[in-house]
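First the structure, in the form of structure tokens, and then the observations on it.
No value in this document is a laboratory result; all are computed from the given coordinates. Note that the coordinates shown come from a computational prediction; the quantities given were computed from them, not determined experimentally. Note that we place each Cβ from the backbone using ideal geometry, even for glycine, and neighbour counts take in every protein chain shown.
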Amino acid sequence: MSMIELQNIDLSVGQRQILKDVSLQIAKGGRLLIRGDSGTGKSTILRLILGLVQPDNGRVIIDEEVQNKHNIWSQRLKMAYVSQDMQLGRGKTESFIKEVFSYRNNRHLVYDRKELAKYFDLFGMNGVGPEHRLEDLSGGELQRVAIITALLLKRPIYLLDEITSALDANLKAKITGHFLSMKNATLVIVSHDQHWYEHDIQTLTLDS
Amino acid sequence: MTEAAPDITLIRLLLGFALLIIPAGLSWWVRLGIIRKMFVSTGRMTAQLFLVSILLIYLFDIDNPYINTAWVIIMIIFAAGASMMSSGLRFRHFFIPIFASYFLGAGFSLLYFIGIVVNPERLFTAQLLVVLGGMLLGNSLNSVIIGISHFYQALKKEKKRYHYLLSLGASIREAQMPFFREAVIAAMRPFLANMATMGVVFLPGMMTGQILGGASPDTAIKYQIAIMLAIFTSVTLSISLSLFFTARKGFDEYGVLKEELFK
């Protein structure tokens, strides 16, 4: 059974064709690493899966359902997305995470402060705690807050766009290792990072 | 009732214009290059106020509740138009919702102010409806412009943040919420600072006007306090409603912000 399927996707932005006849299939619990030069539409594939951009032709199928304007809201609840340059806004880190848990569609989830603290510890947020303000965090720290938020939401699909690029080697290994150890999670990874390549993952290479 | 301040004769008013020699002289001296602009602005102010005074004389003379109401609605149309012009948003998407939010927001505050606070025998008189309506709209205008443009500019600038919130399971409204809060705070901030220094740093125009017109400072202050409260309410309501009414228009069925909103 496939968790994510793209069928013959064409997509242009303005005059520029970004994706031409792209198809892919990822099984439940599968992992796909997308590589390619910049501008080849790697991030666009993740945005397609999230329903943030619509294809000119082709279909996006999530968990056996063709994505449309009605089911997109429930489909997004199956995904957690982290990208390289996160904008999380302002205010206390914990207030941000709590607000995410307060969304009507997330109310069934239990916010566990202990788990939050565990991840802060695990991902080496030295001296930075949930009480710190987002506007005081560095790019790498914001990225980790987004990674932690994604993990707390426990979605079945993780869409990870260059999430380790701003981190040091030690953290890269820790974070890639953590995601790859989640056996039931379906992962779509966009990365240039060697750390992912060392593992045996299905790879899709895009070219212009 | 104290006596009203003496009328200003036309000749004396012209002497008032003689004051312009000072800024014009200064502008020439240090080459500010704004002499022309200064005269155009002064001229516009004078002409517009004279025209309005003629209109007000007629409005006061006729003092028909329907005509008064119609004039308030015309003022609201101007206010909505001015908000659109300064916010960098497209007219055809936003004019009607913004008009509606001013109409309801400022309209409610105005009627509450007149009906409940002033509590006169007749509600729709030119003296109360037109004058207070203009006052309320004029003062709400700036804050509403700040609020609306802040909201949409922030969404445009921080599109990634908004889309990220959608990806976290937010509905359109939930993903807009942080932007909404920041926009309302931005709109309120100058107003709150203004209220906090009122009377200490400056005497507000309405109060000054009433005192010059012969009202006792005691009455003038009560009016001033009540109108500030009404303006505050009008601003909060107008911004919230305008964001509420435009929220659906600005986003597609997938919750994604439409680019064509911006000029």
Worksheet item: How big is the convex hull of the Cα atoms of segment A:105-208, per residue, in Å³?
Response: 143 Å³
Worksheet item: Out of B:97, B:23, B:217, any idea which swings most in a Gaussian network model of chain B, alpha carbons joined below 10 Å?
Response: B:23
Worksheet entry | Share antiparallel - DSSP beta bridges, segment A:2-206, percent rounded to 5 | 45 percent
Practice prompt. With r as the distance between the Cβ atoms of residue A:170 and residue A:38 and R0 = 25 Å, compute the FRET efficiency 1/(1 + (r/R0)^6) and round to 0.05.
Written response: 0.45
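Dipole magnitude of segment A:2-206 about its Cα centre, charges +1 at Lys/Arg Cβ and -1 at Asp/Glu Cβ only, in debye to the nearest 20?
Numbers: 26 positive and 24 negative charges, 117 e Å.
That gives segment A:2-206 a dipole magnitude of about 560 debye.
With a 10 Å radius around each residue's Cβ, average the other Cβ atoms per peptide and rank A:124-132, A:29-37, B:45-53, highest first. Could the numbers behind the result be given before it?
Values: A:124-132: 13.4, A:29-37: 17.2, B:45-53: 10.6.
So the peptides A:124-132, A:29-37, B:45-53, ranked by packing, come out A:29-37, A:124-132, B:45-53.
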Worksheet entry | All Cα pairs of segment B:113-233, percent lying beyond 20 Å | 55 percent
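Output the Kirkwood hydrodynamic radius of segment A:85-129, Cα pairs only, in Å rounded to one decimal.
11.9 Å
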Worksheet entry | Extension gain from residue B:77 to residue B:32, taking 0.36 nm per residue of separation minus the Cα-Cα distance | 12.6 nm
Worksheet item: Quick one: which of A:172/B:258; A:78/B:249; A:174/B:160; A:114/B:249; A:28/B:156; A:183/B:157 span more than 32 angstrom between C-alpha atoms?
Response: A:172/B:258; A:114/B:249; A:28/B:156; A:183/B:157
Discussion item. Multiplying the sequence separation of residue B:5 and residue B:200 by 0.36 nm and subtracting their Cα-Cα distance, what value in nm do you get?
Written reply: 67.9 nm
Worksheet item: log10 I(q)/I(0), Debye, Cα-only segment A:2-206, no solvent, q = 0.15, 0.16 Å⁻¹?
Response: -0.98, -1.11
Worksheet item: Per residue and in Å³, how big is the convex hull formed by the alpha-carbon atoms of chain B?
Response: 174 Å³
Discussion item. Given points 7 Å out from each Cα along the Cα-Cβ axis, report the residue A:194 to residue A:90 separation in nanometres with one decimal.
Written reply: 4.1 nm
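Loop only by DSSP, 16 or fewer other Cβ within 10 Å of the Cβ. Give me the trypsin sites (Lys or Arg not before Pro) in segment B:1-93 that pass, ordered by residue number. Please report the intermediate quantities before stating the final value.
Values: sites: B:12, B:31, B:36, B:37, B:44, B:90, B:92; in loops: B:31, B:90.
Counting only loop positions with at most 16 other Cβ atoms within 10 Å, the trypsin sites (Lys or Arg not before Pro) in segment B:1-93 are B:31, B:90.
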Discussion item. Quick check on the protein assembly as shown: what are the equivalent-ellipsoid semi-axes from the Cα gyration tensor, as sqrt(5λ), descending, whole Å?
Written reply: 57, 23, 23
Worksheet item: What percentages, rounded to whole numbers, describe P(r) for segment B:50-145 computed over all alpha carbon pairs with 5 Å bin width beginning at zero?
Response: 2, 14, 23, 22, 17, 13, 6, 2, 0
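Using the scaling law 2.2 N^0.38 Å as the reference, what is the normalised Cα Rg of segment A:1-52?
1.17
Rounded to the nearest 20 debye, what is the charge dipole size of the protein assembly as shown about its Cα centre when +1 sits on each Lys and Arg Cβ and -1 on each Asp and Glu Cβ?
Working: 47 positive and 38 negative charges, 27 e Å.
Dipole size: approximately 120 debye.
If contacts are Cα pairs under 8 angstrom and at least 6 residues apart, what is the relative contact order of segment A:91-171 in percent? Could the numbers behind the result be given before it?
Details: 46 pairs, mean separation 29.0, N = 81.
Dividing the mean separation by the residue count of segment A:91-171 yields 36 percent.
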Discussion item. How far apart, in nanometres, would the label points at residue B:142 and residue B:157 be if each is projected 7 angstrom from Cα along the Cα-to-Cβ direction?
Written reply: 2.0 nm
